[in-house]
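The values are calculated or read from the model by the stated rules, or taken from the named source; none is laboratory data. Computed from a predicted model, the values in this text were never measured in an experiment. As a convention, Cβ positions derive from the backbone with ideal geometry for all residues, glycine included, and neighbour counts pool all protein chains shown.
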Amino acid sequence: MPPPRTRGTALRHLLAELRGPAVPVPGEPPPQPKALDARALAALAANPGCDRRALLDGAGVDKAALADALGAPSSFGQSQFALTRGNAFEKRVKADGGAELLRLVHEKLDPAAPPPETSSVPDLTAVGPAGRTARTALALREAVEAGGWTLLDHPMLALDVAGSPAFLEPDAVVVHPDGSWTVVEIKSFPMLDGSADPAKVGAAARQSAVYVLALEEVAARLDPAPAVRHRILLVCPKDFSNLATASAVDVRKQRSVTRRQLARLTRIEEIAEALPEGTCFGLDLPPERLTAAVESVPATYAPECLSTCELAFHCRERARAAGAVTALGRAARAELGGLTTVDEVLAAAHGEAGDPADPAVAALRRAAGLRAEALASASAGQGGTAC
Ligand code: SF4
């Protein structure tokens, strides 16, 4: 008798059906479901309201390949040049047993601790992601017991996402002499006079928050549980040079948002059940069927999607075609309350629709009145000049 189907296996089966059969490339190994990584998990926190993204990521659909198949390829991802430059910078920061990195952690996050004159860098080599995760957990425990400073270079962490483990690889984790743990994120964008591009810092903070959550799961299995610090260290090149500089970033907010999003991901079953019978995102389907499948999942496009999601060009085109106010940005969307399309906004402003007691409708009418007055006085002024 086959084993009874649990909720977890039923969900995995459902997601596999949504993903559709893998499309093999001649001469290459069969494609696997796209694993969720920290960037993908962090991007979920960047657009928490999007069912489309939650479902596609949960099902392991390759969104870049899907965007290609939909005829709206993404321009997403880092250039090879940026990757090479980033790797070289990270290597430099971690040289000499991470001496510079540990100095920065001590200076920015734990100046009261003894300086890191000696440190340990354990070997984290193991077979496969599960083996590396177990090796990392052991190294963390040993580092806490040993005291002193320890640098874990590219540890492997696992986070339970919708019943399956997502394996995550932070740039580094530092164990402090008091046994607490800090996530270190090394980026190649510059920090000028101590500050960097806020959008890039925000993305790094969301990514680090995912690592903090995964580390908290490891810590919870130890007794007593070590503290996982909620201020991470962001290391960047200083003023376009090769020298490293760093800043402590508080990721408490991003951690809470990501945690809520992950809890929501376990409800992808509900999103999937609301889809029409037979919905599938198989990349071998004709474009019109694939488009219909994608469009059957509600999306909340926002301009931020352009830097966080591979489907951004497709969703932007659809949002514009539908006149959705989300395409104008989250700030405008929030101000417009229950008005969801540009046509509804114009009708409300011109007094053709909308409840005058609604603050958004009242504000639009007032703005429309002021605009009409300004135009009238401008044309009257023009008329006077002509005389
Ligand atoms: S691009 Fe589309 S699928 Fe991706 S997060 Fe934005 S709305 Fe959702």
Check: Hey, does region 250-261 have a residue that's crowded, with 21+ Cβ neighbours inside 10 Å and modelled with pLDDT of 95 or more?
Finding: yes
Item checked: Residue within region 135-147 that is part of a loop (DSSP other than H, G, I, E, B) and surrounded by fewer than 22 Cβ atoms within 10 Å (Cβ to Cβ) present -> yes
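Table: residues versus (1) surrounded by fewer than 18 Cβ atoms within 10 Å (Cβ to Cβ); (2) assigned to a helix (DSSP H, G or I).
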residue: Leu83; (1), (2): yes, yes
residue: Lys91; (1), (2): yes, yes
residue: Asp96; (1), (2): yes, yes
residue: Ala99; (1), (2): yes, yes
residue: Leu102; (1), (2): no, yes
residue: Pro111; (1), (2): yes, no
residue: Pro115; (1), (2): yes, no
residue: Thr125; (1), (2): yes, no
Check: Among (1) within 22 Å of Thr245 (Cβ to Cβ); (2) without any contact (Cβ under 8 Å) to a residue 40 or more places away in the chain; (3) over 26 Å from the mean Cα position of the chain (by Cα), which single condition is Trp149 missing?
Finding: (2)
Next item on the list: Report, by residue number, each residue of region 308-334 that is in contact (Cβ under 8 Å) with a residue 40 or more places away in the chain and more than 10 Å from the ligand (Cβ to nearest atom).
Entry: Glu317
Check: Considering region 275-307 alone, what residues qualify as being in contact with a Leu (Cβ under 9 Å, 6 or more places away or on another chain), outside any loop (DSSP other than H, G, I, E, B) and within 15 Å of the ligand (Cβ to nearest atom)?
Finding: Leu290, Thr291, Ala293, Val294, Pro303, Cys305
